[in-house]
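Notes follow once the structure below has been shown.
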Amino acid sequence: MVLRQVGRTLAAQRLMTLLLVAAMAVLTGACAFLDASSRYEIMAEHDQAVSAGLNVYHAHAAGDDGTGRISAALCASLNTNPSVNAAAGVFGSRAVTIVKAPGRHFSYVPVVGDITRILSAENASDYDDGFFIERRTAAEIGVSDGDNVRIRMDDGSVETATAHVVEAERGFADTTQLWSYTAPQGSLTDCYVEFVPGAMTDDEQAVGWLSAALDDGRSTISVTPMTQSDAGKLLDRYMSRPTRFLWAAGGALAFLLLFLPLVFRRHEFALYRSLGAGKNPTALIYIVANTLLTVLGHGIGLAWAMLILAWVQRTIFEPTGSAMFAMASMLTCVTLLTLGCVVLSRGSMAAYIHRQL
Amino acid sequence: MPIEMIDVRFRYSPLGPAVLDGVTLTIPDGQMIALVGPSGSGKTTLLQIIGGILKPSEGVVRCDTSIGRMRWIFQTPMLLARQTVRQNIDIAISTAPWNARTREARVQEMLADVGLDGYADHRVNTLSGGQQQRVQIARALACRPPVVLADEPTGQLDHATTTLVMNAIAKARGHGTTMVIVTHDEYVASYCERVVRLEDGRIHSVKGGDAHRMDDCDMVAEASDE
């Protein structure tokens, strides 16, 4: 009886059924598109960071007071090693501001070695004066390559230095850093090394080699592949992206789209019951009918969202995440619909009959 | 088992007026009775008490048929407007243990009884008021319910259509279905085996029915005449 009535209920309102499916497809498709876009963005950055960070390793050693424990001279000297493409070391940073960009805060980072090569394999810079600033940050504050920039230091003094604009793609996500060369003296907190491709067979060998190369017997040095720290940061971004709850919003909106017309048709629930149908079979008729609409609407929505995304991004993005998004949205919608239909079917048949008399 | 009401009284609120004030009535199985009377006499309230929609404030109501097995015929046809005549009737018999062929045969039989042969595939919202009412009647009687309660089934119809509808009820009812019809129309009441007249919440008179049986109300009416 239930399936028969489901078919009749849907067939009796063909136009409304089509409109509901179309509206749901637009709604859920939009949600799926936004979610997939944000994931795509992060994953694309991740892929870029991973490929850029290949062969790059990060050594870190700092005391309890935050001071560095890696010999600056040892780190800088790695640049002469035939297995190393580039090596650069970072001292602790100072908080500064740029006079022409009030309200923005930057970190002034003294470095030794070949920092531009570490920031990006595409950089080629012979400058050892001034400071290096990441390209997008420079564009935001209106600084061009070669500009003389006034920097207010943390002690209040103002220095003028030449800005060199570079790419920074190797997980140096903190684009508020201004890198500036200094003499290789003292101790560093971090040393970055890019090996010549093929120089190390695997991460284990690279980590061991670098640990030994920087070990001066004073401290324990931790060495990690650059890609791991990149992946960790991007995973955090992925998990905290603003669209991560869009599946719930999409499911709730789809539920409202389907349930509100049912509220205006709630007399049908009482009518079925007054003709001898039980509460559960009555609820089941509408649950099954609207579940079919939910699946259809979500399926069409997901399809058009993926097509649009492929056209915009010029690539076929992995569908698994979007399929899971659609499943979560559907389940939300169906769960809410089930609860709603159960409530409507429990409505008082006696009250309905009383109203008709 | 007949429907029995013993000294039934009803008020919508404890301090409100008595809508029913001591009604005693027995409706034998399979009888078609009419409840007539002026507006406010308590006809519809009595119908709702028989149907289990309202509980009496005082008195006893005995009826073997549960509310779920009773069928109603409303003044305004309550049908699924966008579905066909066949589908509307089929809903009522879908819970019966009949196969598809038996159900279809029953649908056609009911349509013939109410004079709507050939209308099975018409959408209900394309029918006239009288035709829709006949569909409602066919739906109510299709599963051979033990009790059918009708509230002014011809209230919105003209005389010719009223005749059609009452003929349909008489034909489709068959035997064994107890039918209680609330009406203010004496013509409709004339189709019934017994006519119970209510006034001010009490039974004023009862006409027709089994000559060898007398309800208490008949005796009361006779006594008052005396």
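The values are calculated or read from the model by the stated rules, or taken from the named source; none is laboratory data. Quantities reported herein were computed from a predicted structural model and do not represent experimental measurements. Cβ atoms come from the backbone with ideal geometry, glycine included; neighbour counts cover every protein chain shown. Side chains included, ligands, DNA and RNA excluded: accessible areas come from the protein's heavy atoms. Shrake-Rupley method; radii C 1.70, N 1.55, O 1.52, S 1.80 Å.
Residues A:W179, A:W247 ordered from highest to lowest accessible area at a 1.4 Å probe: A:W247, A:W179.
Please tell me the relative contact order of segment B:79-144 in percent, rounded to the nearest whole number, where contacts are Cα pairs under 8 Å and at least six residues apart. Write down the numbers at each step before the final one.
Working: 70 pairs, mean separation 33.2, N = 66.
RCO, segment B:79-144: 50 percent.
Shown for chain A are the DSSP H helices of 27 Å or more along their axis, judged by Cα atoms, with a mean Kyte-Doolittle hydropathy of at least 0.0: A:14-53, A:246-264, A:279-313, A:319-345.
Taking K and R as +1 and D and E as -1, what net charge do the other residues with C-beta under 9 Å from the C-beta of B:V23 add up to? Around B:V23, the charge tally is 0.
If both residues of a DSSP beta bridge must be in chain B, then about 55% of such bridges are antiparallel. Over segment A:28-134, accessible surface divided per residue gives 42 Å², non-protein components excluded, 1.4 Å probe.
Under the membrane-span-like helix rule (DSSP H runs whose alpha carbons stretch at least 18 Å along the helix axis, mean Kyte-Doolittle hydropathy -0.5 or higher), chain B yields B:129-142, B:159-173.
Max-minus-min Cα coordinates of the protein assembly as shown on each principal axis give 130, 54, 43 Å, with the largest extent listed first.
Divide the volume of the convex hull around the Cα atoms of chain B by the residue count and you get 126 Å³ per residue. Of the residues in segment A:340-354, those shielded by at least 30 Å² of accessible area once partner protein chains are present, compared with the chain alone at a 1.4 Å probe, are A:M349, A:A350, A:I353, A:H354.
The distance separating the Cα centre of segment B:19-75 from that of segment A:260-303 comes to 33 Å. Would you please name the trypsin sites (Lys or Arg not before Pro) within segment A:210-319 that are DSSP coil residues with at most 11 other C-beta atoms within 10 Å of their C-beta? Listed in order of number, the matching sites are A:R314. Leaving ligands and nucleic acids aside, the B/A contact buries around 2200 square angstrom of accessible area in total at a 1.4 Å probe radius.
Each principal axis of segment A:177-335 carries a Cα extent, and these read 91, 36, 33 Å when sorted largest first. Relative contact order of chain B, taken over Cα pairs closer than 8 Å and 6 or more residues apart, is 30 percent.
Quick one: work out the % antiparallel among DSSP beta bridges in the protein assembly as shown, nearest 5.
Percent antiparallel among DSSP bridges in the protein assembly as shown is about 65.
Here, segment B:79-144 is characterised by an Rg to Rh ratio of 0.93, where Rg is the alpha-carbon radius of gyration and Rh the Kirkwood radius. Taking only protein heavy atoms and a 1.4 Å probe, the accessible area of the protein assembly as shown is 56% carbon and sulfur. According to the square roots a ≥ b ≥ c of the eigenvalues of the Cα gyration tensor, what is the shape class of segment A:64-190, taking rounded for a/c under 1.5, prolate for a/b larger than b/c otherwise, and oblate for the remainder? In terms of gyration-tensor shape, oblate.
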